[in-house]
Amino acid sequence: MAANVKKWASVAVAMQSALAAAKTITAITKASTAVVSSTSHGFSDGDYVLLTIQGMYQLDGKVVRVDNSASDAFDAEGVDSTLFETFVSGTAEKITFGTTLSSMTTVNASGGDFDFIDTTTIHSNVKTQIPGLANPLTYSFDNLWDMSDTAQLAMKAASDNQGQRCFKFQFGSGGPIMVFSGYVGYAGAPTGNAQDKVTSPAVITCYGTPTYYAS
């Protein structure tokens with residue numbers, strides 16, 4: 001079956017404009033879909049939440065979508081936690097993606113590759129290795145420089161404050177979605193060539209890994 005090819009066109013990019021009050025998490029199951037226990041959390045299906053987790057470190061800094069919401073629990077849609085570490089404590093915060101990034105002209109991804117640890121013994125004739133830590137995933141992009149643009153001002157503020165922000169990329173109306181949290185680097189400095197458009201570079205370093213949804 002041929003891949004469903006996507007283009008960097010009609011891509012909606014939004015940045016967190018607000019986080020609601022943190023709701024205490026009391027448990028997270030190890031299951032094909034992680035079930036998060038949180039009394040009176042107030043989340044609804046389709047909400048996006050930022051998880052801050054101790055113990056089950058794979059979910060720390062993860063952005064997930066709420067599904068099958070009940071008064072005291074919800075599913076972390078798309079998250080298989082079967083082989084994750086054991087949950088100790090944590091919180092969930094509802095994300096408002098109220099800042100639209102509409103001046104991006106290029107997008108490049110780097111990082112996400114793994115270091116490997118050499119486990120070769122003196123008894124082996126072939127080297128062996130196991131995965132170590134992954135390098136952080138980084139997105140770098142250029143913006144059409146406009147320091148009256150609300151999104152660029154918000155990125156500059158986040159960069160100056162070294163504050164973590166959540167991001168949402170959607171590829172076309174009703175298309176695939178990528179969500180993640182990270183740190184913004186944006187000086188707001190103009191650059192470019194003679195008689196060409198003025199642009200300004202920015203970078204987002206992901207905290208943890210993105211979560212993907214088909215729509």
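Values quoted throughout were computed directly from the atomic coordinates according to the rules given, and no laboratory measurement underlies them. These figures come from a predicted structure and were not determined experimentally. We place every Cβ from the backbone using ideal geometry, glycine too, and count neighbours over all the protein chains shown.
Here are the numbers for the structure shown:
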item	result
Correct option for volume of the Cα convex hull per residue in Å³ [calculated from the coordinates] among (i) 193; (ii) 174; (iii) 107	(i)
Spin-label model distance (nm) - Tyr213 vs Gln129, 7 Å beyond Cα toward Cβ	3.7 nm
Segment 1-110: GluC sites (Glu not before Pro) falling in loop per DSSP and having at most 16 other Cβ within 10 Å	Glu85
Within straight-line cross-link reach of Lys62, lysines at Cα separation under 26 Å, skipping those fewer than 8 residues along the same chain	Lys6, Lys7, Lys23, Lys30, Lys94, Lys156, Lys168
Long-range amide H partners of Thr26 with built H, under 5 Å	Ser37, Ser38, Thr39
Most mobile of Ala12, Ala92, Ala31 in a GNM of the chain (Cα contacts under 10 Å)	Ala31
Chain lengthening between Ser40 and Val11 when straightened (0.36 nm per residue, less Cα-Cα)	7.0 nm
Net lengthening on full extension, Thr91/Thr24 (0.36 nm per residue, minus Cα-Cα)	23.7 nm
Rounded, prolate or oblate (a/c below 1.5 giving rounded, otherwise prolate when a/b exceeds b/c) for segment 99-213 by Cα gyration tensor	prolate
Filtered trypsin sites (Lys or Arg not before Pro), segment 65-138: DSSP coil and at most 12 other beta carbons within 10 Å	Lys127
Gyration tensor verdict on segment 75-156 (Cα atoms; rounded if a/c is under 1.5, prolate if a/b is larger than b/c, oblate otherwise)	oblate
Low-density loop cleavage sites - chymotrypsin sites (Phe, Trp or Tyr not before Pro) in segment 97-196, where at most 12 other Cβ are within 10 Å (DSSP)	none
Gaussian network model of the chain, springs between alpha carbon atoms under 10 Å - residue of Ile28, Ile95, Ile122 with greatest fluctuation	Ile122
